[in-house]
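Enquirer: Pasting in a structure now, in structure tokens, and then I'll have a few things to ask.
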Amino acid sequence: MKVFLDTNVLIDYLLKREPFYGDAKKVFEMCLYKIDGFVTPHSLIDVFYMLSERTDAPAEYCRGTLLKLRSVLNVVGEDDTTVFAAARNTGFPDFEDSMQHESALSAGTDYIITRNPKDFKDSRIPVCSPAEFLVQIEKK
């Protein structure tokens, strides 16, 4: 199974943001052995920024964290095709969400996991929160 992790799920996990941390951690741990997780380069840029700004962590630590994430998650390319598809997709008022959606489509993911499913109401891929995903995966 392939899942696309929205930026907020990564940040919830890495910054241990409550009350979201526990579910984000479980999803991330599933990416270690049970499912294939995907992210965009843009998400990794945001993660680096959030880690450095919110924790005052040195750049070395932030880069090391990105390398660890990359050892677990696959990075989906953002290219001309994805950008144009996202720009033309009027179902997504927010361009960043549209880019995430188009990247998830290009990777052939089965789910988009985000803390903000309402932002993906016109998704062509099933969208759920980490908590909803964990419930669905238990049923399988």
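The values are calculated or read from the model by the stated rules, or taken from the named source; none is laboratory data. Quantities reported herein were computed from a predicted structural model and do not represent experimental measurements. Just so you know, the surface numbers come from the protein's heavy atoms only, side chains and all, with ligands and any DNA or RNA stripped out. Shrake-Rupley method; radii C 1.70, N 1.55, O 1.52, S 1.80 Å.
Enquirer: Tell me the per residue accessible area of the stretch 1-55 using a 1.4 Å probe; a whole number in Å² is fine.
Expert: 49
Enquirer: Pull up all non-local amide H partners of N74: gap of 5 or more, or a different chain, and H-to-H distance under 5 Å with H placed in the peptide plane.
Expert: Amide H neighbours of N74: G37, F38, V39.
Enquirer: Using only the alpha carbon atoms of the chain, find the Kirkwood hydrodynamic radius as the inverse mean reciprocal pair distance, in angstroms to one decimal.
Expert: With all distinct Cα pairs of the chain included, I get 15.2 Å.
Enquirer: Quantify, in whole percent, the carbon and sulfur part of the accessible surface of the chain (1.4 Å probe; protein heavy atoms only).
Expert: Answer for the chain is 52 percent, counting heavy atoms of protein chains only.
Enquirer: Report, for the chain, the % of DSSP beta bridges that are antiparallel, rounded to 5.
Expert: If I count the DSSP bridges inside the chain, around 0 percent turn out antiparallel.
Enquirer: Still on this model: Over the stretch 72-113, average the accessible area per residue using a 1.4 Å probe and give it in Å², no decimals.
Expert: Counting only protein heavy atoms, the per-residue value for the stretch 72-113 is 47 Å².
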